[in-house]
Number of protein chains: 2
Amino acid sequence: MKIIMDMYGGDNAPLAPLSGAALAVKELGIEIVAVGNADEMKALCEEKNISTEGFEFIDAPLAMPVCAEPTEALKSYKESSLTVGMQALADGLGDAYVGAGSTGALVVAATFIAKRIKGIKRGALASVIPSFGGNDYMLLDLGANSECRPEMLSQFGLLGSIYMSSVLKIENPRVALINIGAEESKGNDLQKEAHALMKNAPYNFIGNVEARDLPFGACDVAVADGWTGNIVLKTTEGIGLAFAKQIKQMLTKNIFTKLGALSMTGSIAELKSSMDYKKRGGAPLLGIAKPVIKAHGSSDAEAFKNACLQAKLFTEADVIGKVTKALAEIKEAE
Amino acid sequence: MKIIMDMYGGDNAPLAPLSGAALAVKELGIEIVAVGNADEMKALCEEKNISTEGFEFIDAPLAMPVCAEPTEALKSYKESSLTVGMQALADGLGDAYVGAGSTGALVVAATFIAKRIKGIKRGALASVIPSFGGNDYMLLDLGANSECRPEMLSQFGLLGSIYMSSVLKIENPRVALINIGAEESKGNDLQKEAHALMKNAPYNFIGNVEARDLPFGACDVAVADGWTGNIVLKTTEGIGLAFAKQIKQMLTKNIFTKLGALSMTGSIAELKSSMDYKKRGGAPLLGIAKPVIKAHGSSDAEAFKNACLQAKLFTEADVIGKVTKALAEIKEAE
């Protein structure tokens, strides 16, 4: 399997993506198509002693700026590693794409260059979120579409359900709609209409879920418009970080608590690890006709390696083939 | 000071509100106007040995059902304790109102019976949320208006700013708009237009805040439409509960962690207390012409007492007078 990587996306580019790619070749048995300034990448790998075994290079002289307006950026930065990498994906020069570039530009490039699966209205950014009390769950959309129509939410349910069943092997995933109450009548028009569509969708829709119940395993797939999903994700991250800080302070308060902390090193490591997005790789952009993984902007080498692992699992599970098949069945039934 | 209390709202009514009211009379030096089934209340107080010193009773034979559609409920339940209590507030039979009844019905009753402050477009439910890293912050709207116009958000900033400066004595509170990015151009049309209005509003607007930064003291007042505010609140509650559970499990894992836990009893109590909404009282419904506090549905006696304390502080700080004055100044400047 060949993974195309944008080596000039993210805060630690190009060193972290190149190092992560080398780890991925070694540990995951994949090949890498490294997109970016080829001379610079090769020189850096030599200087830093990063193995380029299993690497191909595609030259793209520019890096896409983070703050550019997405549609404009795509037009102005045709030679950027993000755009050239996505074109390579569309052209079949690799099986999947991993990049930590600007989310907006990545979504637009994926949509217009790699294209959506036929019948899918919008791509959705998704992430598997730790749920302490029960199983982990997939949250989508995380912000690819900050305004949504009801049909889009219903399709996100299908995308999430197929991902969770085929990649995470969850049997008949429970799909829920994030809402401000359990009753069908709750929410704005968007939620009410989406609820009605989801009830008749070909997946295991279990109704509304309140954000309060998400960390307790209330569902396997939590569907929201990109605005709401982003708010849930960011709030979760913020409170998670704040609690981790609080626990640390608590444990180092005085000599007694420090002694107590010594006996809990293993448990604390477990807790920290359950919140560590670096171990979880990136966010799949579901609904695109080829596997695309958005890596976190602050990814280090390990995070990039795990994003490659996610791209590998996504591709091997044939999520896109299964979505295509499900859409055909829906169309046939209509 | 006289506080009007709906004794038939919340999961533990009428025992918990009556007990809380008795505590409030004793500890806060206030008087109570107890609204509900008068005979039943008196009999229960006698049976349970709850002091009714400082109590007046207003008879309202019905309890408002929780699930009723708010506007309908208000018409059909004119004799409910919620409605009769709100009318007593409008008629000046008390200085403030505390109730744990259905949020929707409470907001509608407050809006149409106690009325809004002149010039205020919508009332907003607000709550002061613990912020571990820094100062606590006020979050509003929590769901009184699940869809908002930009002017409403701008007014919420004014309401929150005046509350935080006069009740919590925060000097020149930093008001921020919850958004999915720091840049002015972020968000949907609602956020973009609200941002522009808030920049020119007569309070200390510091721009957008991401939900991720809220627990670290990024602002003193976080403004959102009721949908978004509710999602932030519920996510915060959920993750808080999940972490508390996780810490407990961590500390009781084996004999060593249990010994460690013994030495941290104080710190754990501190952490738990910082998350305990019961200590924080209820949610003020800001923008109404009289002080109204929505107590949590699951409030116990202590929580009701603290809601009375909050009503007392809200009233004493003359939040409503200050809002009225600020609105007059805005109008004059136009």
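Just so it is clear, none of the values below were taken in a lab; they were calculated from the coordinates. Keep in mind the model is a prediction, meaning the values are calculated, not measured. Here Cβ is always computed from backbone atoms with ideal geometry, including for glycine, and neighbour counts include all displayed protein chains.
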(message) I'd like to compare A:149-155, A:301-307: which one has the highest average count of other Cβ atoms within 10 Å, and what's the full order after that?
(response) A:301-307, A:149-155
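Which value, in nm² and rounded to one decimal, describes the direction-averaged projected area of the C-alpha convex hull of the protein assembly as shown? Before the final figure, lay out each step's value.
Numbers: hull surface 130.8 nm².
The Cα convex hull of the protein assembly as shown, projected and averaged over all directions, gives 32.7 nm².
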(message) Checking the cross-link filter: which aspartates and glutamates have an alpha carbon closer than 13 Å to that of A:Lys42, excluding same-chain neighbours under 8 positions apart?
(response) A:Glu53, A:Glu56, A:Asp59
(message) Could you tell me how many cubic angstrom of Cα convex hull volume chain B has per residue?
(response) 144 Å³
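For peptide A:211-218, how many partner chain Cβ atoms fall within 10 Å of a residue's Cβ, on average?
Values: counts 10, 12, 5, 5, 10, 4, 1, 1.
Per residue, the number of nearby Cβ atoms from other chains is 6 on average.
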(message) Quick one: 3J(HN,Hα) in Hz for segment A:117-130, Karplus 6.51/-1.76/1.60 with θ = phi - 60°, rounded, Gly and Pro as x.
(response) 4, 4, x, 7, 7, 8, x, 10, 7, 10, 8, 8, 9, x
(message) Which of A:Leu93, B:Leu309, A:Leu125 has the fewest other C-beta atoms within 10 Å, and how do the rest follow up to the most?
(response) A:Leu93, B:Leu309, A:Leu125
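Could you please rank B:Val35, B:Val167, placing first whichever residue has the fewest other Cβ atoms within 10 Å of its Cβ? Walk me through the intermediate numbers first.
Details: B:Val35 33, B:Val167 19.
Fewest to most other Cβ atoms nearby, the residues stand as B:Val167, B:Val35.
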(request) Counting only C-alpha contacts under 8 Å and six or more residues apart, can you give the relative contact order of chain B as a whole percent? (result) 22 percent
(request) Would you please give the residues with an amide H less than 5 Å from that of A:Ile170, counting only those at least 5 places away or on a separate chain, with H modeled from the backbone geometry? (result) A:Ser165
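Which of the trypsin sites (Lys or Arg not before Pro) found in segment B:23-60 are in a DSSP loop and have at most 14 neighbouring Cβ atoms, other than their own, within 10 Å? If you can, show how the numbers build up before the last one.
Numbers: sites: B:Lys26, B:Lys42, B:Lys48; in loops: B:Lys48.
Of the trypsin sites (Lys or Arg not before Pro), the ones in loops of segment B:23-60 whose Cβ has at most 14 other Cβ atoms within 10 Å are B:Lys48.
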(message) Are there any trypsin sites (Lys or Arg not before Pro) in segment B:163-206 that are in a DSSP loop and have at most 13 other Cβ atoms within 10 Å? List them by number.
(response) B:Lys169
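Tell me, in nm to one decimal, what length is gained between A:Ile330 and A:Glu184 on full extension, where the rule is 0.36 nm per residue of separation less the Cα-Cα distance? Each step should come with its number before you reach the end.
Working: separation 146, 0.36 × 146 = 52.56 nm, distance 2.38 nm.
Extending this stretch completely gives an extra 50.2 nm.
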(request) Using the Karplus curve 6.51 cos²θ - 1.76 cosθ + 1.60 with θ = phi - 60°, work out ³J(HN,Hα) for each residue of segment B:306-322 in order, rounded to whole Hz, and write x for Gly and Pro. (result) 5, 5, 5, 4, 5, 4, 5, 5, 4, 5, 4, 6, 6, 4, 5, x, 5
(message) Skipping prolines and chain starts, which residues have an amide H placed within reach, meaning under 5 Å, of the one on A:Ile58, given they are 5 or more residues away or on another chain?
(response) A:Ala34, A:Val35, A:Gly36
(request) Would you grab the residues whose amide H sits under 5 Å from the one on B:Val292? Only those 5+ places off in sequence or on another chain, please, with H modelled 1.01 Å from N. (result) B:Tyr97, B:Leu285
(request) Place the peptides B:289-295, B:327-333 in order of packing, highest mean first, counting for every residue the other Cβ atoms within 10 Å and averaging per peptide. (result) B:289-295, B:327-333
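Considering only Cα-Cα distances, which of the following residue pairs are longer than 18 Å: B:Lys115/B:Lys290; B:Lys118/B:Lys325; A:Lys26/A:Lys294?
Numbers: B:Lys115/B:Lys290 8 Å; B:Lys118/B:Lys325 11 Å; A:Lys26/A:Lys294 22 Å.
Too far apart for the 18 Å limit: A:Lys26/A:Lys294.
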(request) Pull out the extension gain between B:Lys169 and B:Lys118, defined as 0.36 nm times the separation in residues minus the alpha carbon to alpha carbon distance; nm, one decimal. (result) 15.9 nm
(request) Please turn the phi angles of segment A:324-334 into ³J(HN,Hα) values with the Karplus equation 6.51 cos²θ - 1.76 cosθ + 1.60 (θ = phi - 60°), one per residue in order, whole Hz, x for glycine and proline. (result) 4, 5, 4, 5, 5, 5, 4, 5, 4, 6, 6
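Given axes a ≥ b ≥ c from the Cα gyration tensor, I'd like to know whether segment B:11-138 is rounded (a/c under 1.5), prolate (a/b larger than b/c) or oblate.
Numbers: a/c = 1.72, a/b = 1.16, b/c = 1.48.
Since a/c reaches 1.5 but b/c is at least a/b, the shape of segment B:11-138 is classed as oblate.
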